[in-house]
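Let me begin by presenting the structure, written as structure tokens, before commenting on it.
The values are calculated or read from the model by the stated rules, or taken from the named source; none is laboratory data. None of these values were measured; they are calculated from a predicted model. No Cβ is skipped: glycine too gets one built from the backbone with ideal geometry, and neighbour counts run over all protein chains shown.
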Amino acid sequence: MAAEEPGTRLIQVAEHPRLLKLKEMFISKFGSIPEFYVRAPGRVNLIGEHIDYCGYAVLPMAVEQDILIAVEPVKSQTLHLTNTNPKYLDFSTSVNDIHIDKTNPQWHNYFLCGLKGIQEHFNLKNPTGMNCLLDGIIPPSSGLSSSSALVCCAGLVTLRANKLSLSKVELAEICTKSERYIGTEGGGMDQSISFLGEEGKAKLIEFNPLRATDVQLPSETSFVIANSCVEMNKAATSHFNTRVMECRLAAKFLAKYKGLEWNKALCLEEVQVTLGLSLEEMLLLVEEVFHSEPYSPEEVCSYLEISLEKLKTTILCKNTQDVLVFKLYQRAKHVFSEAARVLQFQKICEEAPANAIQLLGDLMNQSHRSCRSLYECSCPELDRLVDVCRQFGAQGSRLTGAGWGGCAVSLVPTDKLPDLLANVQEAYYQSNKGTLAVEKRCLFATKPGGGALVFLEAQTM
Ligand code: GLA
């Protein structure tokens with residue numbers, strides 16, 4: 001599996017209405033025919049929130065919603081980017097001079113991340129220019145990973161346009177790193193599932209080294225995605241990076257307490273592995289090392305025996321240098337307990353006991369509680385939505401993705417699906433009509449979808 005490249009599929013564009021429309025728009029925009037098309041899907045994370053950047057395994061599945069780009073390599077070394085949605089303005093740049101705006105990133109900056117990642121990986125001196133038309137159907141800022149899908153799509157577009165090849169795993173790793181050009185310190189879950197997703201299969205994604213294992217979900221169950229309609233753009237605030245830094249600091253505290261080389265210790269999983277302890281033992285250690293009151297930067301410095309200057313310049317990333325409160329106890333407790341829930345979820349899927357749905361649902365509910373109370377990455381609307389979903393038949397329901405808004409994912413016995421959809425529609429969306437943006441409302445059952453692909457039009461071969 002490790003060396004497998006993203007698939008290439010020959011298709012009759014005329015038989016696929018979305019591709020056909022994209023092709024026609026491309027012709028009217030650029031006056032030429034696309035040479036190829038690339039798709040990269042969004043994802044829904046079933047369990048394992050905010051632990052990928054701590055080195056722990058997560059359990060997402062790709063969704064059908066994706067980013068689709070029609071591409072024509074051109075000789076001019078200019079990138080022309082345009083979007084089927086007129087809300088997203090056209091953008092052009094020289095491919096030799098890429099600037100990524102971190103302060104107020106627009107849609108095209110995510111494309112540039114993928115482009116730059118591939119250029120740098122191959123040290124491309126003479127990258128090809130491209131005309132690209134993009135069509136995205138993943139609701140943005142909703143926790144379904146539209147931004148990473150765009151980075152991954154752009155990475156694969158650039159790879160193909162420059163006639164290069166890489167495995168899915170290599171692409172996922174490059175796109176994970178290159179998305180950080182936007183300023184967020186994300187883990188690798190979104191990019192990995194976007195490349196490694198397979199139809200009908202959820203995946204346990206493990207890191208260092210990156211690998212994906214199939215997870216067979218119980219039959220007679222459905223996963224429902226519901227948008228809270230609260231927008232969360234993780235690049236626009238420092239919430240996300242603050243959590244990453246809190247986990248980084250917690251790792252350093254634990255390492256120092258245990259006499260390890262704490263300067264090097266970057267993630268909680270590394271500390272656990274070095275100590276040779278179980279997750280349960282790490283939870284006990286958390287109780288021993290941390291107090292539950294928040295830590296000030298001064299207290300952090302005094303524990304680590306470093307100056308404030310050193311904390312800011314060598315440990316904290318840019319948009320977190322002025323953070324005044326670090327909740328190390330709560331964040332570390334969430335991470336170790338969530339990491340354990342992922343493994344339990346996988347085990348239940350494997351062993352398939354008679355009460356599997358109930359057990360999986362319980363784990364999802366515990367995960368939401370931990371995200372809400374310990375990790376503080378929920379919001380009142382998401383909490384209400386999760387409650388409504390449970391009230392109308394979900395065995396488990398939790399926020400998915402970064403949180404602070406966006407979607408909830410619910411595990412629903414298939415026989416309860418129609419009722420749940422109708423009731424949640426009524427209880428969450430209809431009764432909050434005045435306050436929820438109409439265009440953001442979405443509520444649908446989903447199945448595991450396939451990963452990123454290149455499409456070639458059959459007669460152009
Ligand atoms: C975002 C990041 C991921 C992951 C999730 C939270 O989607 O991109 O790497 O950290 O948040 O689980």
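Which one of these is among the β-branched types (V, I, T), under 23 Å from Q119 (Cα atoms) and within 16 Å of the ligand (Cβ to nearest atom): I100, I67?
On inspection, the qualifying residue turns out to be I67.
Which of the residues spanning the stretch 84-140 are part of a loop (DSSP other than H, G, I, E, B) and within 17 Å of E72 (Cβ to Cβ)? Within the stretch 84-140, T84, D90, V95, P127, T128 qualify.
Checking every residue in the stretch 43-60 against the condition of being out of contact with any Pro (no Cβ under 7 Å at 6 or more places or on another chain), among the aliphatic types (A, V, I, L, M) and over 30 Å from F207 (Cα atoms) gives zero matches. Candidates are the residues of the stretch 56-79 that are out of contact with any Asp or Glu (no Cβ under 8 Å at 6 or more places or on another chain) and hydroxyl-bearing (S, T, Y); the one that is surrounded by the most Cβ atoms within 10 Å (Cβ to Cβ) is T78.
Within the stretch 101-123, the set of residues being farther than 25 Å from N227 by Cα and surrounded by fewer than 16 Cβ atoms within 10 Å (Cβ to Cβ) comprises D101, K102, T103, E120, F122, N123.
Can you confirm whether the stretch 263-280 contains a residue that is small (G, A, S) and surrounded by 18 or more Cβ atoms within 10 Å (Cβ to Cβ)?
Taking the stretch 263-280 first, the residues small (G, A, S) are 265, 276, 278.
This time we only want the ones that are surrounded by 18 or more Cβ atoms within 10 Å (Cβ to Cβ), so: 265.
Checking the stretch 263-280: at least one residue is small (G, A, S) and surrounded by 18 or more Cβ atoms within 10 Å (Cβ to Cβ).
Every condition in (1) within 16 Å of the ligand (Cβ to nearest atom); (2) part of a helix (DSSP H, G or I) holds for C377 except the one numbered (2).
Looking only at residues of the stretch 430-456 that are closer than 19 Å to L382 by Cβ, of a type outside the set (A, V, I, L, M) and in a strand (DSSP E or B), we find that the one that is nearest to the chain's Cα centre (by Cα) is T446. For A427, the conditions (1) surrounded by 12 or more Cβ atoms within 10 Å (Cβ to Cβ); (2) under 26 Å from the mean Cα position of the chain (by Cα) all hold with the exception of (2).
Taken together, L164, L133, L159 contain a single residue that is modelled with pLDDT of 95 or more and closer than 17 Å to C113 by Cβ, which is L159.
The residue that is surrounded by the fewest Cβ atoms within 10 Å (Cβ to Cβ), among those in the stretch 134-170 that are among the basic types (K, R) and closer than 17 Å to R39 by Cβ, is R160. The residue that is nearest to the ligand (Cβ to nearest atom), among those in the stretch 35-47 that are buried (at least 24 other Cβ atoms within 10 Å of the Cβ) and not β-branched (V, I, T), is N45.
Which of the residues that make up the stretch 111-132 are under 28 Å from E24 (Cα atoms), more than 16 Å from the ligand (Cβ to nearest atom) and within 23 Å of the chain's Cα centre (by Cα)? Reasoning before the result, please.
Our first condition is that a residue be under 28 Å from E24 (Cα atoms); within the stretch 111-132, this holds for 111-115, 127-132.
In the following step, the residues that additionally are more than 16 Å from the ligand (Cβ to nearest atom) were identified as 111-112, 115, 127-132.
The answer is F111, L112, L115.
Residues in the stretch 395-432 that are of a type in the set (K, R) and within 16 Å of the ligand (Cβ to nearest atom): R398 only.
Can you name the residue in the stretch 171-198 that is β-branched (V, I, T) and within 11 Å of the ligand (Cβ to nearest atom) and, of all such residues, is surrounded by the fewest Cβ atoms within 10 Å (Cβ to Cβ)? Restricting to residues being β-branched (V, I, T) and within 11 Å of the ligand (Cβ to nearest atom), the top hit is I182.
With respect to Q366, is the statement that it is modelled with pLDDT under 95 and assigned to a helix (DSSP H, G or I) true?
Working: modelled with pLDDT under 95: no; assigned to a helix (DSSP H, G or I): yes.
Against the criterion (modelled with pLDDT under 95 and assigned to a helix (DSSP H, G or I)), Q366 does not qualify.
Cβ contacts < 9 Å: first residue of a type in the set (D, E, K, R), restricted to the stretch 349-368; second residue buried (at least 17 other Cβ atoms within 10 Å of the Cβ) and not in a helix (DSSP H, G or I), any location; separation 6+ or different chain. Result? What qualifies is E350/V215; D362/Q395; D362/G396.
Restricting to the stretch 60-83, name every residue that is in a loop (DSSP other than H, G, I, E, B) and of a type in the set (D, E, K, R). If you could, list the steps in order and put the result at the bottom.
Taking the stretch 60-83 and keeping what is in a loop (DSSP other than H, G, I, E, B), we get 75-77.
Residue satisfying the conditions is K75 alone.
Of all the numbered requirements in (1) under 27 Å from the mean Cα position of the chain (by Cα); (2) buried (at least 19 other Cβ atoms within 10 Å of the Cβ); (3) not aliphatic (A, V, I, L, M), Y295 misses one, and that requirement is (1).
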